Amino acid sequence: MEIRHIQHNWELLFRNTDLLRDLIDKYYPFKTQNQITVAQIKMLACIMRHEPDGVMLKDVANELELTPGAVSQMVEHLVRMELLDRCASENDRRAVCIKLSQKGKSIRAFHEDFFDKVINNFMKTVPEEKQEIFVEVMQKMHQYLENEKQKQLGV
């Protein structure tokens, strides 16, 4: 495969990511009302992956590759915005667990509905025989990128 074609694919991937961000910015009702940053949305997505059990601050820091101090500040801001709740850990009463608040859960529902709608509508435009290939390529790309990330972290 010629290099120019590969570069075009990466440019297309980044442009598609930007278009998805533009769509979510336009339709995401919580972002404009509460001034949620992209970093905070990433944090909410990280915490969403741990629902309904919640997650420890240090685990969020590890997953997002941020310092515990930076995560703590973002969590504090999101708690003040009533998007997250702090609670005692079930395993260690001294430790704090972070969970989505009721308002945060409404963001999760919107997030899931929005992306389900966008992806499902897109998949309707893809011939059925190519849908499995698309999913397989996306999964392979995800696995490759996860492996590369682990190599970078020395894991």
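List of remarks:
- Selected residue [in contact (Cβ under 8 Å) with a residue 24 or more places away in the chain and among the small types (Gly, Ala, Ser)] from ALA88, ALA95: ALA95
- Hey, GLU82 among the acidic types (Asp, Glu), out of contact with any Phe, Trp or Tyr (no Cβ under 9 Å at 6 or more places or on another chain), farther than 29 Å from ASP25 by Cβ and modelled with pLDDT of 90 or more or not: no
- Positions within region 43-68 being in a helix (DSSP H, G or I) and free of Cβ contacts under 8 Å to residues at least 60 places away in the same chain, in sequence order: MET43, CYS46, ILE47, LEU57, LYS58, ASP59, VAL60, ALA61, ASN62, GLU63, LEU64, PRO68
- Residues satisfying the stated conditions in region 110-155, i.e. among the aliphatic types (A, V, I, L, M) and surrounded by 10 or more Cβ atoms within 10 Å (Cβ to Cβ): VAL118, ILE119, MET123, VAL126, ILE133, VAL135, VAL137, MET138, MET141, LEU145
- Any hit, region 6-13, residues being closer than 27 Å to VAL75 by Cβ and at pLDDT 80 or above: no
- Yes/no for PHE115 being in contact (Cβ under 8 Å) with a residue 60 or more places away in the chain, within 25 Å of LEU44 (Cβ to Cβ) and in a helix (DSSP H, G or I): no
- Within region 52-92, the set of residues being closer than 16 Å to ILE107 by Cα, surrounded by fewer than 16 Cβ atoms within 10 Å (Cβ to Cβ) and touching a Lys or Arg at 6+ places or on another chain (Cβ under 7 Å) comprises VAL79, GLU82.
- Of the residues making up region 69-89, those that are under 12 Å from LEU57 (Cα atoms) and in a loop (DSSP other than H, G, I, E, B) number 1.
The values are calculated or read from the model by the stated rules, or taken from the named source; none is laboratory data. Bear in mind the structure is a predicted one, so any value in this text is a computation, not a measurement. Counting neighbours? That spans all protein chains shown, and the Cβs are built from the backbone with ideal geometry, glycine included.
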